[in-house]
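Down below is the structure, laid out as structure tokens.
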Amino acid sequence: MATFELYRRSTVGMCLTETLDEMVSNGVLSPEHAIQVLVQFDKSMTEALEAQVKSKVSMKGHLHTYRFCDNVWTFILQDVMFKTEECQETVGRVKIVACDSKLLSQ
């Protein structure tokens, strides 16, 4: 199964990367093992989101910018209202990065 490296820029992904860098710098972990950990992180995040997230969210806002490059869509939205069954929240600016899930199964 192929994966994207999207989740490495999340808070958890950044903390993991920083910790692995520190471990490599201190000689606790080899660079090869650090890369294996990151690849496993990518796979685990993809699998967890597919299997465990069941919530649906609708959003409405103003499209500021969009791009499509290397089969990846990037949208920047402003004044976005997110709605779930339980609540609604308005956010000033949101960046959405979306990839075609069919590419993961190739």
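Annotation note: of Ser101, Ser55, Ser30, Ser25, the sole residue that is over 14 Å from the mean Cα position of the chain (by Cα), modelled with pLDDT under 95 and exposed (fewer than 12 other Cβ atoms within 10 Å of the Cβ) is Ser55. When only residues in the range 9-22 that are open to solvent by 60 Å² or more (accessible area, probe 1.4 Å) and of a type outside the set (S, T, N, Q) count, which is nearest to Asp100 (Cα to Cα)? Here the residue is Arg9. Within the range 58-79, restricting attention to residues that are in contact with an Asp or Glu (Cβ under 9 Å, 6 or more places away or on another chain), under 22 Å from Arg9 (Cα atoms) and not in a loop (DSSP other than H, G, I, E, B), the residue that is modelled with the lowest pLDDT is Val72. Annotation: Thr46 fulfils all but one of (1) surrounded by 13 or more Cβ atoms within 10 Å (Cβ to Cβ); (2) of a type outside the set (A, V, I, L, M, F, W, C); (3) touching a strand residue (DSSP E or B) at 6+ places or on another chain (Cβ under 9 Å); the unmet one is (3). Filtered by the rule that a residue be at pLDDT 95 or above and among the hydrophobic types (A, V, I, L, M, F, W, C), the range 1-22 gives Cys15, Leu16, Leu20.
Beta carbons closer than 9 Å, at least 6 apart along the sequence or on distinct chains, pair a first residue in the range 21-40 that is in a helix (DSSP H, G or I) with a second that is of a type in the set (Val, Ile, Thr) for Glu22/Val28; Pro31/Val24; His33/Val24; Ala34/Thr17; Ala34/Val24; Leu38/Thr17; Val39/Thr3.
Checked against the criterion of being on the phi < 0 side of the Ramachandran plot, in contact with a Cys (Cβ under 9 Å, 6 or more places away or on another chain) and surrounded by 11 or more Cβ atoms within 10 Å (Cβ to Cβ), the candidates Leu77, Leu6 yield just one match: Leu6.
The values are calculated or read from the model by the stated rules, or taken from the named source; none is laboratory data. Please read these numbers as outputs of a predicted model, since none were measured by experiment. For neighbour counting, all protein chains shown are included, and Cβ atoms are generated from backbone atoms with ideal geometry for every residue, glycine included. To get the accessible areas, we keep the full protein, side chains included, count just its heavy atoms, and leave off ligands, DNA and RNA. Shrake-Rupley method; radii C 1.70, N 1.55, O 1.52, S 1.80 Å.
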